[in-house]
Structures are given as C-alpha cells and as structure tokens.
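Report on one structure; see the data block that follows.
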Amino acid sequence: MAHLLSTSCTINVSSGCKPYYIPLNQGSRAFPTSFTLQASKSPFGRLVSFGEKPQRNFTVHSTTLPISKEAPAQPSSGAHETFNEPSKPQRVMVIGGDGYCGWATALHLSNKGYEVAIVDSLVRRLFDHQLGIESLTPIASIHNRLRCWKSLTGKTIELHIGDICDFEFLSEAFKSFEPDAVVHFGEQRSAPYSMIDRSRAVFTQNNNVIGTLNVLFAIKEFREQCHLVKLGTMGEYGTPNIDIEEGYITITHNGRTDTLPYPKQASSFYHLSKVHDSNNIAFTCKAWGIRATDLNQGVVYGVKTDETEMHEELCNRLDYDGVFGTALNRFCVQAAVGHPLTVYGKGGQTRGYLDIRDTVQCVELAIANPARSGEFRVFNQFTEQFSVNELAALVKNAGEKLGLNVESISVPNPRVEAEEHYYNAKHTKLVELGLEPHLLSDSLLDSLLNFAIEFKDRVDTKQIMPSVSWRKMGVKPRTITA
Ligand code: NAD
Ligand code: USQ
C-alpha cells in the first residue's frame, strides 16, 4: 500500500536511516516506514490534479502499532444517543495527531482510556523545512514520541502515516481501525501560509476541503455511525458588528422567522477553507445523516499538558515565527529574547483565546457527548477574548515581574482586517457540557514565559517579523527567506 506523491527532486529519508519496524503484537500489523520528500518549482508540484490519481509529494506506507488493551473509556450515557457497545472503549482516530493540538489531544485521550489511532501525513514538518523555520521546542519524531508514550504508560497509539486527500489510504485506515469517533485536526492551519502565493492558497484549500470531503465519504462508506469532531475556527465568523452566536442565528425578515447558519466572513484563504468545510459537513449531515460537531476554536496558547509534561520526548511544538506562530505564544517568545512585541496595526483586533489544556478537554467532552445522527452541532471553543493590545499589556506586565524589559511596537499590519471593532462571541455550549476553563492567569503567563526563556537559545530572531502580506500576494511562487 504505497501512497505516491509527485516530485522533481527526491530525498529518500529511509536511505539515510535504518527502516523502522514496530514489533508485532497480537492482532496487529506492522509496515516499514518509507518516506520520500519532494520539491518542485511550485512548492507542491502537481499536487492539485484532477481526473487522475492524485499525486502527492511523499511516498508513505502506513505504519500500524498494536492496539492498547487498557483502561477503557466508555461512551457517555448522557442525553445524546450513543452507538458503541457498552463494554468497549471508544476508538478515536485523531487526524493531524502529530501537530500542536492533535498531539496533545491524542495523548490525553489515550491516557483517558480511549483507543487512539493517529493519522498524519507529517506535512507540517515539511512546511518547517520548506520555510526554514523550527518549533521553539525540540520535537521528537512521531515514532520516538509513540515509543516513549508506550514505555511510560504501557499504552499503544496506532499510527497511520499518509495523506487524507488520498482516499485509498484513508479507506484503509478506516477499515483497519474502525473508529467510533474521528477528531479531524489534519489541515494546513496558518492564515499567513495560505496567503504567501497562489500555489500555497491552492494547496491550502485543496488539502483542507478535499481532505475533509474524503473523511465524510469514508464515514458514509465504512463507519456511518462514527461521530465527526471537526476543528473549525472562530475566524469563520469574522468580526461582525453584532454578537456572534454558536453556529446559528434566528432571523426575522419581512415578517418570517428562521434559524439559519450564522453568516461567515472569513479573511484569509485558510479561514475560507474552514467555511467550505463547514458547509460540506452541514450538507452531509442533512443528506446522509452524518453526526458531526464543528468546534469553532479560537487562538490556542500554551504548550504543556499533563501528558506532554511526562517526558521530554513527548514535548509539544511551539511556533513563534511570522507564518505559523500565533499571537500570545509569539509574544511570550518575543519577550523572552528581548524582541519588541509585534502588535499589527492599531492592535484592537479582538479574538477568542484558549489554553491548550482546554483544547484537549473540549475535544474529549465533544466525543463523550456525541452529536445525534444527522445533527450538525457547532460549539464556539474558546474561554476568553482579548485584543492584541490587551495581550501585549499582559505579557509586558508578566515579563517585567520576571525582570524582562518588554516593549511593544506597532508593525504595519500585513493582513486585511478590522483593527478596531465590536466583538462579543457566545461560548456557553462546552461549559454546559462540563468544560472547566483554565483562564489566562499570571501563573500561566509566568510558566509560558519561563518556558520560552528556557529555550530562547533556539530562537531565530530573523523569523519573528511578519513576512507575508495579504495585499501583495501574487501568482509567482514565493520563497520565504530564512
Ligand atoms: P498543526 O499544523 O500543528 O497540525 C496539523 C497536523 O495535520 C499536522 O501534523 C499536519 O502534518 C497534519 N496534516 C495536514 N494536512 C494533512 C493531510 N492532508 N493528511 C494528513 N495529515 C495532515 O495545526 P494545529 O495548530 O494543531 O491545528 C489543528 C487544527 O486546529 C487545524 O484544523 C486548525 O485549523 C485548528 N485550529 C488551530 C488553532 C491554533 O491556534 N493552533 C486555533 C483554531 C483552530
Ligand atoms: N497578530 C498581531 N501580532 C502578531 C501576530 C498576530 O497583532 O505578532 C494579530 C493578527 O493580526 C490577528 C490576531 O493577532 O488579528 C490573531 O492572529 P494569530 O496569528 O494569532 O491567529 P490567526 O491567524 O487568526 O490563526 C490562528 C491559527 C488558526 C486558527 C485561528 C483561530 O493559526 O489555525 O484558525 O487562530 S481564530 O483567530 O479565532 O480564527
């Protein structure tokens, strides 16, 4: 089962490293991992090809680790209907499980007794290579991460390395793992990345929209009762001058009333891909009876979760660069290295934020309380809202308590977005399900700042300033210089 991706130049990682085999356990299969990275003039070569077998840019064999036999998590017996046999733990496929949110979530669910399989193409690690950037924290390979987890806890997480845009690969993963729930983090998630040039915009929408469509078809074809928990984004709503509801709004127009999807005003090709995803999911819930939860997540901050804290090989990634780094994480790293905090424009841009420990909690709550068959449920997943100026002031204050000299600068805004606006977004549904938020406190800021200080020698300060302009993007492939 090889999943071929195209290329003009080939780096065969397996030639430099010994092939890696996972020992066979009862009932499990193991495949060698081979990995061929590709590059072409356009960053993704013939990645978008219609009417022929999709060609992606690396060759991967699925690697399957044995399934854990321990500490079963039972499906909830709450108000929502459940479909799993009561004696069995829920089987959760985490797509994008090698990424920032996905890694923390996969470990958390495994720790809670769910049987977990990670599906990931590792394309995020490829973006780092392409752009010449690195996580603040050193991150172990996915194989070493999983080996470490197994040796610490005795729990096994299955691994399927491949691209969900390749339906053949995804089908095999579905048929072999038989998930009760799929948590889908597996997308290109950076707004700046999607605005670098035409090829990155096309890649982002192709990767995200087709990947999600494939997941929907796989559920319909192989696991029709499987609950899809899809990571959406608060950015789908934009910044309207009225309150933002959770997914739907009731409108009376010319004397008639209806409850309709809340209007979407996304402001990057990445955020727009999420809007398309939401529409496709909503449609398939109606048409095929798929059960789905769209988690419109705000900006995530922090790095530590109970599980990633257990060993340095489990450490999560933390991005601070101008393409993948997000506001608060970036500000903490900037403060640690004495770089002025980069407030874009007037700094009144307000968004919902949450601690990564709440990301994992929210996903678990969504899985434990599944949507009904045919239901398209939308939760706004964040705990507090802040403007960029408010975040900068909080980091300045916390940094100064640690003896850091923290300044802010206003950087010409590389994005097209409102810099002063009304923002009031509802976020009660996850709290009603039991979310206990970790609010942004001095102690969390201290811990994140100390963490950034610990790794500050790894910071490449040339990567801090924004390098992607919404207005200047063009057709020509752009190289982001290291
Ligand atoms: P990430 O880039 O760290 O992780 C995404 C993972 O998905 C990577 O490991 C990548 O290799 C994998 N992936 C991407 N395309 C794939 C494909 N076609 N097939 C298989 N694997 C693929 O991103 P993240 O920060 O963990 O975000 C995860 C999800 O949460 C994304 O959908 C993102 O839009 C959403 N989200 C993130 C944030 C945030 O602040 N990080 C906020 C709101 C929503
Ligand atoms: N910003 C600054 N200075 C910086 C970085 C960002 O002022 O150094 C501003 C941006 O202009 C924006 C706001 O902070 O107004 C948030 O930007 P961000 O880079 O932190 O987050 P964003 O691009 O919106 O994307 C991130 C994730 C994405 C997720 C989204 C949630 O990368 O995957 O979907 O947060 S939300 O913002 O709610 O749409």
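The values are calculated or read from the model by the stated rules, or taken from the named source; none is laboratory data. Just so you know, these numbers come straight off a predicted model, no measurement behind them. Quick reminder, even Gly has a Cβ in these numbers, built from the backbone with ideal geometry, and neighbours come from all protein chains shown.
Data overview
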{"item": "Region 427-443 residues that are small (Gly, Ala, Ser) and modelled with pLDDT of 95 or more, paired with ones that are assigned to a loop (DSSP other than H, G, I, E, B) and crowded, with 18+ Cβ neighbours inside 10 Å (beta carbon under 9 Å, 6 or more apart)", "result": "Gly434/Asn369"}
{"item": "Filter pass, Leu136 being of a type outside the set (Val, Ile, Thr) and in a helix (DSSP H, G or I)", "result": "no"}
{"item": "Positions within region 118-133 being closer than 18 Å to Phe185 by Cα and assigned to a loop (DSSP other than H, G, I, E, B), in sequence order", "result": "Ser121, Leu122"}
{"item": "Residue satisfying condition, being touching a His at 6+ places or on another chain (Cβ under 9 Å) and surrounded by fewer than 22 Cβ atoms within 10 Å (Cβ to Cβ), within set Gly374, Gly352, Gly348", "result": "Gly348"}
{"item": "Every residue from region 395-445 that is of a type in the set (S, T, N, Q) and either within 16 Å of ligand 1 (Cβ to nearest atom) or part of a loop (DSSP other than H, G, I, E, B) (or both)", "result": "Asn405, Asn413, Asn424, Thr428, Ser441"}
{"item": "Pair list, Cβ under 6 Å, 6 or more apart: region 366-394 residue away from ligand 2 (no atom under 11 Å from the Cβ), other residue polar (S, T, N, Q)", "result": "Ala366/Thr293; Ala368/Ser76; Asn369/Ser76; Ala371/Thr293; Arg377/Thr293"}
{"item": "Residue match in region 268-275 (condition: crowded, with 24+ Cβ neighbours inside 10 Å and among the charged types (D, E, K, R))", "result": "yes"}
{"item": "Complete set of residues in region 110-131 that are in contact with a helix residue (DSSP H, G or I) (Cβ under 8 Å, 6 or more places away or on another chain) and small (Gly, Ala, Ser)", "result": "Ser110, Ala117"}
{"item": "Filtered residue count, region 149-191, keeping only those that are in contact with a Leu (Cβ under 6 Å, 6 or more places away or on another chain) and more than 16 Å from ligand 2 (Cβ to nearest atom)", "result": "6"}
{"item": "Criterion (buried (at least 23 other Cβ atoms within 10 Å of the Cβ) and closer than 21 Å to Ile164 by Cβ) met by exactly one of Asn207, Asn214", "result": "Asn207"}
{"item": "Some residue of region 326-341 being part of a strand (DSSP E or B), surrounded by fewer than 24 Cβ atoms within 10 Å (Cβ to Cβ) and within 14 Å of ligand 2 (Cβ to nearest atom)", "result": "no"}
{"item": "Yes/no for Thr233 being away from ligand 2 (no atom under 11 Å from the Cβ), in contact with a strand residue (DSSP E or B) (Cβ under 8 Å, 6 or more places away or on another chain) and not aliphatic (A, V, I, L, M)", "result": "no"}
{"item": "Gly238 being assigned to a loop (DSSP other than H, G, I, E, B) and within 20 Å of Val275 (Cα to Cα)", "result": "yes"}
{"item": "Check on Glu158, closer than 30 Å to Ile453 by Cβ, at pLDDT 95 or above, away from ligand 1 (no atom under 12 Å from the Cβ) and not β-branched (Val, Ile, Thr)", "result": "no"}
{"item": "Boolean, Gly434 is on the phi > 0 side of the Ramachandran plot and not charged (D, E, K, R)", "result": "yes"}
{"item": "Evaluation of Asn296 against (1) in a strand (DSSP E or B); (2) away from ligand 1 (no atom under 16 Å from the Cβ) (one fails), failing number", "result": "(2)"}
{"item": "Residue within region 246-255 that is out of contact with any Leu (no Cβ under 7 Å at 6 or more places or on another chain), closer than 25 Å to Asp319 by Cβ and within 16 Å of ligand 1 (Cβ to nearest atom) present", "result": "no"}
